[in-house]
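A quick write-up on the structure given underneath.
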Amino acid sequence: MPRIRDVWINWFEGEENGYNICPFHEWNSEDRIEVLDQAEIVKVTEELFDYIENRLEDLPDDLLNEIFQKSTLRKKMTRITLDYCFVMYDGNRVLAVDTLGYKTPIRKSCLTPKHERIVKEMMEVDRSDCFDVIEAPAPKEYHILSPHPCYMTGLTRKERQLKQLLFMALDQLYTSGESAEIRYWFTEWDPSKYEEIQQNIDKEVIWQQLYEEVKLGWSPAHYELCKKMIKGQPFFEKLWNMQHEEEVR
């Protein structure tokens, strides 16, 4: 198997959706960049690439056996052997993966454009076997706290993070809010529908209608709704402030 050296890595941990693994142009100064002294490169099918990028489920045993302890991380003047770390390539896309010693792809990172180009050039002439999924995985289920990619398409890193915060606030509203509270927030979102909203007393129906209206895209109206809904909630406010602190830096 080919190997690549001196690779810059920006791990995103515990991500089950590929849209949260930020590409190089979205890395910021607060991210902890590491360097892989060397990393094994494996060729995978598009299906296996999608499976690894968008799930936190066990990797195929033949893949794990092939890359076992073949990649190392550089820390200062020390090399640390990683049990299951590799760079995968499906003929088009490139992604680095580390399991932290487990069998699931816990950490994932895009590469810099330079290293991505090097991987592609190396793999175009490589004749190694291509790894594939053992059996077709069950269709992935998305929900409000793990949104479908179509709801995040075209958004910046900050917008994706704030939208997920808005979804968390909406989920809490559904769980603990009363009909009157949901109608209030719907009015904040779209005052023109005040009369229509007040006539609907069914909590489930009115919340679903609000969710359907905010789930696509990102706009100043989304931003203001999120800002208002999280006010006075320490955990949500902390997440909000973290996004704005990163922007200031």
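The values are calculated or read from the model by the stated rules, or taken from the named source; none is laboratory data. No experiment lies behind these values; they were computed from the predicted model shown. Positions of Cβ are generated from backbone atoms using ideal geometry, with glycine treated the same way; all protein chains shown enter the neighbour counts. For accessibility, only protein heavy atoms count, side chains too; no ligands or nucleic acids. Shrake-Rupley method; radii C 1.70, N 1.55, O 1.52, S 1.80 Å.
Side notes on the structure shown:
- When the chain is treated as a GNM with alpha-carbon contacts under 10 Å, the residue of Glu237, Glu121, Glu195 showing the greatest mean-square fluctuation is Glu195.
- On the principal axes of its alpha carbon atoms, segment 1-95 extends 36, 29, 23 Å, with the longest extent given first.
- Computed with every protein chain present, the accessible area of Glu53 is close to 40 Å² [probe 1.4 Å].
- Net charge, Asp190 excluded, C-beta distance under 11 Å - Lys, Arg +1, Asp, Glu -1: -2
- For the chain, with +1 on Lys and Arg beta carbons and -1 on Asp and Glu, the positive-most of His143, Pro234, Tyr174 along the dipole: Pro234
- Column: log10 I(q)/I(0), Debye, Cα scatterers of segment 46-182, q = 0.11, 0.18 Å⁻¹: -0.56, -1.17
- GNM result for the chain, Cα springs below 10 Å: residue of Glu40, Glu135, Glu13 fluctuating most strongly: Glu135
- Divided by 2.2 N^0.38 Å, where N counts the residues, the Cα radius of gyration of segment 51-110 comes to 1.12.
- In the chain, taking the dipole from charged Cβ atoms about the Cα centre, the farthest positive-side position among Leu63, Val214, Ile9 is held by Ile9.
- Rg/Rh ratio calculated on Cα atoms of segment 169-249 (Kirkwood radius): 1.01
- Base-10 log of normalised Debye intensity for segment 148-187 (one unit scatterer per alpha-carbon) at q = 0.20 Å⁻¹: -0.67
- Within segment 1-134: Cβ-based charge dipole about Cα centre, in debye rounded to nearest 20 (Lys, Arg +1; Asp, Glu -1): 760
- Sorted largest first, the principal axis extents computed over the alpha-carbon atoms of the chain equal 66, 43, 28 Å.
- From its DSSP helices (H runs of at least four residues, each -39,500 (n - 2.57)), the chain gives a residue-normalised ellipticity at 222 nm of -12500 deg cm²/dmol.
- Along each principal axis, Cα extent of segment 99-150, largest first, Å: 41, 28, 28
- In this Cβ point-charge picture (+1 for Lys and Arg, -1 for Asp and Glu), the chain has a dipole of about 1060 debye about its Cα centre.
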